[in-house]
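Below is one structure, written out as structure tokens, with a few remarks after it.
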Amino acid sequence: MSNLMRKLLESVDQKDIIASAEGINGLIAVTKNVVYLQRGKLLEQKSLKTYLIKSITSVQTKKPSMLTAGHFQIIASGSGDNTKRFGSAFDYAKDENTVLIRGNFDDFKRIEQLIYKLQSDPNPAVPVAQAAPTSEDAFSKLEKLAKLKEQGIISEEEFELKKKDLLSQV
């Protein structure tokens, strides 16, 4: 098990992970409702980004060539592609939403397909808010989420993730 996976498992229960793949500068892990992007190799500071499946607007993959690394990039609502139109591997290496790929491109391609499959699920476990809630609205949503958690419809992890998201918007 890599250091990046160990670091990820400090925040995510391994049994919830459906698929994962490790690249040059990070790894991607997918659960039923969330995609995790864990970055940081050697001397880099390790960072964890989470994306609700329903908030991902696109995934871009580029196959590595003999001379350059490929990449797996997530673009989500509220974040953009921070690379240039004809960006180089260096541009993608700096983008916090990107993992560089060397030899396991097929693993990342399967993850891309899994994300799109999970997005097409008509019954998401956690509804995604359309607009920033007011504080009163956020608290009523928290109460509803707590009831969903008590009923076992959503996990503790999903509840905490959504709770953090709602409270940050107040």
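Applying a threshold of 7 Å to beta carbon distances and a minimum spacing of six or more residues, or different chains, the list of pairs starting in the stretch 55-67 at a residue that is more than 19 Å from SER120 (Cα to Cα) and ending at one that is at pLDDT 90 or above and loosely packed, with under 12 Cβ neighbours inside 10 Å is empty.
Against the test of being surrounded by fewer than 16 Cβ atoms within 10 Å (Cβ to Cβ) and at pLDDT below 85, the options LYS15, LYS46 yield a single qualifying residue, LYS46.
The values are calculated or read from the model by the stated rules, or taken from the named source; none is laboratory data. Quick caveat, the model's predicted, so the values are computed rather than measured. No Cβ is skipped: glycine too gets one built from the backbone with ideal geometry, and neighbour counts run over all protein chains shown.
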